[in-house]
Amino acid sequence: MRIQQEFITPIISATAVIVGSLIGAMCTWITTNHSTIKSIEVENKIVEDSRRHEEIEKLLKLCENINIIRLDICTSLFQSIRTLKYFNNNYFTNRYPIPINRDYSRVVASLTGKFDLKELSYIYQVYGIIETLNKHISEIRFEDKEEYNLIRMDCELLLKKFYGVNFRKVIEVDIDKVSYENLYNNKFMKDGYREVLKKLDVNSYSEMGKAREINKR
């Protein structure tokens, strides 16, 4: 069957239009698909960066809270030892409250998951004693020797919490030369508190290390 001459040109034109449309549609699909894939990749990267940032912030906040507790405990130990070491009926060195984080209940609670309830209780008990000591310091009348003795007993109570019957031996250390680690990593400190303070130190360094590793990704 022969196609008449007058139909050949329209057929070729129609075929060219169809093929052109198909090629155009294919190119459009390829371009759109490529743009979609790129857009998804960008969105995934943004989500991943945001998630990584949140994880780093969480670790840094935990590390900050751990260091707040370490600082508060360190300050309370040094100040209590110094007070008892130089305390007498005519002289009282600890005339200022021990600086502690006022939101310590939230700070301590943030350690949940890293510390068990018994360990958290150990830390809370220390803050309770510090608050009592600070209250007595803020209310002291310097002419009242009985109030001096009340503060002395508060300092003894705090040191007994850490060292038990060994607290007097700790008072004998050279407070200007001894380090914070020396104060807890010794045979005088109670086992429970020694482990808690060691754990605070370990977690402080480990959480900071984790944050650095995540930041390198």
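The values are calculated or read from the model by the stated rules, or taken from the named source; none is laboratory data. Remember, predicted model here, so these are calculated numbers, not experimental data. So basically every Cβ, Gly included, is an ideal-geometry build from the backbone, and we count neighbours across all protein chains shown. Ligands, DNA and RNA are excluded from the accessible area calculation, which covers all protein heavy atoms including side chains. Shrake-Rupley method; radii C 1.70, N 1.55, O 1.52, S 1.80 Å.
Data table
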read-out: Matching entry among Asn94, Asn182, Asn88 (being under 28 Å from Cys63 (Cα atoms), of a type outside the set (Asp, Glu) and at pLDDT below 95); value: Asn182
read-out: Residue that is farthest from Ser80 (Cα to Cα), among those in segment 124-153 that are open to solvent by less than 50 Å² (accessible area, probe 1.4 Å), of a type outside the set (A, V, I, L, M) and without any contact (Cβ under 8 Å) to a residue 60 or more places away in the chain; value: Asp144
read-out: Unique residue being farther than 27 Å from Glu156 by Cα, surrounded by 13 or more Cβ atoms within 10 Å (Cβ to Cβ) and at pLDDT 90 or above when the list is Leu71, Leu62; value: Leu62
read-out: Within segment 98-108, considering residues that are part of a loop (DSSP other than H, G, I, E, B) and open to solvent by 60 Å² or more (accessible area, probe 1.4 Å), the one farthest from Ile151 (Cα to Cα); value: Asp103
read-out: Filtered residue count, segment 109-122, keeping only those that are open to solvent by 80 Å² or more (accessible area, probe 1.4 Å) and basic (Lys, Arg); value: 1
read-out: Selection within segment 154-177 - open to solvent by less than 30 Å² (accessible area, probe 1.4 Å) and modelled with pLDDT of 90 or more; value: Asp154, Cys155, Glu156, Leu158, Leu159, Phe162, Tyr163, Gly164, Phe167, Val170, Ile171
read-out: Ile151 being closer than 21 Å to Tyr124 by Cα and over 30 Å from the mean Cα position of the chain (by Cα); value: yes
read-out: Output for segment 45-59, where each listed residue is over 14 Å from Glu207 (Cα atoms), under 16 Å from the mean Cα position of the chain (by Cα) and among the β-branched types (Val, Ile, Thr); value: none
